[in-house]
Amino acid sequence: MSTVHFQDRASSCRWQRNFAEDLVAGHGRIVVEFFDEGVSRRVPWPDRPQASRLLDALMGSARGFDAIVVGEYERAFHGQQLEQLTPTLLSHGVQLWLPETYGPVDFDNPRQMALLDLLGVHSHREVSRARHRTTAAMRAQAELQGRHLGGRPPYGYRLADAGPHPNRAHAAWGRRLHRLEPDPATAPHVRWIFEQRLAGRSVASIARALNDTDVLCPSGADPARNPHRTGRQWMLTTVAAILANPRYTGRQVWNRQRTDRDALPDEGTFDRHHEIQRWSASTDWVISREIAHTPLVSEERFVAVQAIHTAPTPADGIPRCYVLAGVICCGVCGRIMDSHWVHGRPGYRCRHGNTSTRPTSSRRQKTFYVREDHLLDRIRHGRGLHRRHPALRSPDPEKLAAYLRTNNMIIVCDHHAWTIEAETAIYPLTPAASFLATTAKIPAQRDGDCSKREKKSRFVGK
């Protein structure tokens, strides 16, 4: 059965077993039962707990059965799942009994195979229609009624009773609607965050101020509803998410996130997928036409906050390009280094996990900087590297970076050595004769001419 909150296991399992027992009456008996709860039929058999156990038992040497009997086709299969299961059944000599075929399936009978194809299409159509009806209904409820459609309330709000359910049957069972109302303990912090942002403070400084004053972060304020979070402190992304959430204007918003089913690499005869949540484009959001709950910020102030950008804009208007972004790894902490544009040239830095939301301490590791032009020059002059990878001698930085990504090669840098790590070898990048520095002291070049203020390194190329 696909759900556990709206279905009864005893009755659902019982009627399916009754169908199975009636089908095999006089031919055999059921010796073991496999029943999945809370699993959609769209999930392939290897990813269903009980169906996966059945497959293991089917392929085991001590199998205690010679046939599988299904109570209803659409409870067991979706789309082409039976077609994908057929080779496994045939190779192990196990029959499949279905009520729709009045007995064992004859995989050599074209009429039965046509019937099974039709059942698979019908099962797929039933799921698609149910999803379409449900999505259309939820869209209308959010846009026209401003109804809260479930999920955790955003930080600053709590759930309140909104009266009986409009469906009479649900209301008779005691189901009630909910709405959002300001939480007296956390709503003032949300208002303060928006005020500080409008006053010109950066997102990082707001998060740091919240941590300095020991304000509980969302997962710390409600740990029961956030078991997947540590609840230790405010993060920059947490503050940014609050500032970007339009529900604080009092309007209900639905479909900000969606669930996609991405195909997994080919693993045998079954098509397998995994579900992943992604943010939807703002054009796909469903926003209520009227105010649905008490706002914590006016719409005018919310729009003004969205227009604030603290990221520096190039004076010349030319977009910055970091050709080696994503392939440079810090040898100190193992993180991917951040792109960092300074003094008219691209570079990379690693703060070793430290962020602007945390106060600076004497035990904190210093930020590590690498200039992109130094890296490219070393790669082009790496003789030992070119014996195996002559394409890295190219003067075109984009071709060079594309070759690194295509061949799964990464650059590892620390204060003492730079290397390129491939799947089968590690190549040291020795400095060229013209090099004066292993790591550029980029932060020291704040004012005046860069060439005058840059300190010489203690490493000298020979």
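The values are calculated or read from the model by the stated rules, or taken from the named source; none is laboratory data. Treat the numbers as computed from the prediction; the structure is a model and nothing was measured. Every residue, glycine as well, gets a Cβ built from its backbone with ideal geometry; the counts of neighbours run over all protein chains shown. Calculation scope for accessible area: heavy atoms of the full protein, side chains included, ligands and nucleic acids excluded. Shrake-Rupley method; radii C 1.70, N 1.55, O 1.52, S 1.80 Å.
Which FRET efficiency value, to the nearest 0.05, is calculated for Asn226 and Asp396 with the Förster distance at 35 angstrom and r the Cβ-Cβ distance?
It comes to 0.15.
When the Karplus curve 6.51 cos²θ - 1.76 cosθ + 1.60 is applied with θ = phi - 60°, which whole-Hz ³J(HN,Hα) does each residue of the stretch 42-59 get, with x for Gly and Pro?
In residue order, the calculated couplings are 5, 6, x, 3, x, 9, 8, x, 6, 5, 5, 5, 5, 4, 5, 5, 5, 8 Hz.
Before I look further, what does the stretch 76-217 give for accessible area per residue, probe 1.4 Å, in whole square angstrom?
It amounts to 56 Å² per residue over the stretch 76-217.
If you take all C-alpha pairs in the stretch 175-299, what percent of them are over 24 Å apart?
44 percent
Between Arg301 and Leu198, what length in nm is gained on full extension when 0.36 nm per residue of separation is reduced by their alpha carbon distance? Don't skip to the answer; put the middle values down first.
Values: separation 103, 0.36 × 103 = 37.08 nm, distance 0.78 nm.
Taking 0.36 nm per residue and subtracting the Cα distance, the gain is 36.3 nm.
Roughly speaking, what is the stretch gain from Ala162 to Asp212, that is 0.36 nm per residue apart minus the C-alpha to C-alpha distance, in nm to one decimal?
Here the answer is 14.3 nm.
Taking the simple approach of a point 7 Å from Cα along Cα-to-Cβ for both Glu37 and His178, what is their distance in nm?
If labels sit at Glu37 and His178, their model points lie 2.3 nm apart.
Count the DSSP beta bridges whose two residues both fall in the chain, then state the antiparallel fraction as a percent rounded to the nearest 5.
85 percent
For the pair Ala281/Ala136, report the inter-label distance in nm, with labels modelled 7 Å from Cα in the Cβ direction.
That separation, rounded to one decimal, is 2.3 nm.
Please compute the length gained on full extension between Ala240 and Asn255, using 0.36 nm multiplied by the number of residues separating them and subtracting their Cα-Cα distance.
3.5 nm
For the pair Asn109/Ala417, report the inter-label distance in nm, with labels modelled 7 Å from Cα in the Cβ direction.
7.1 nm
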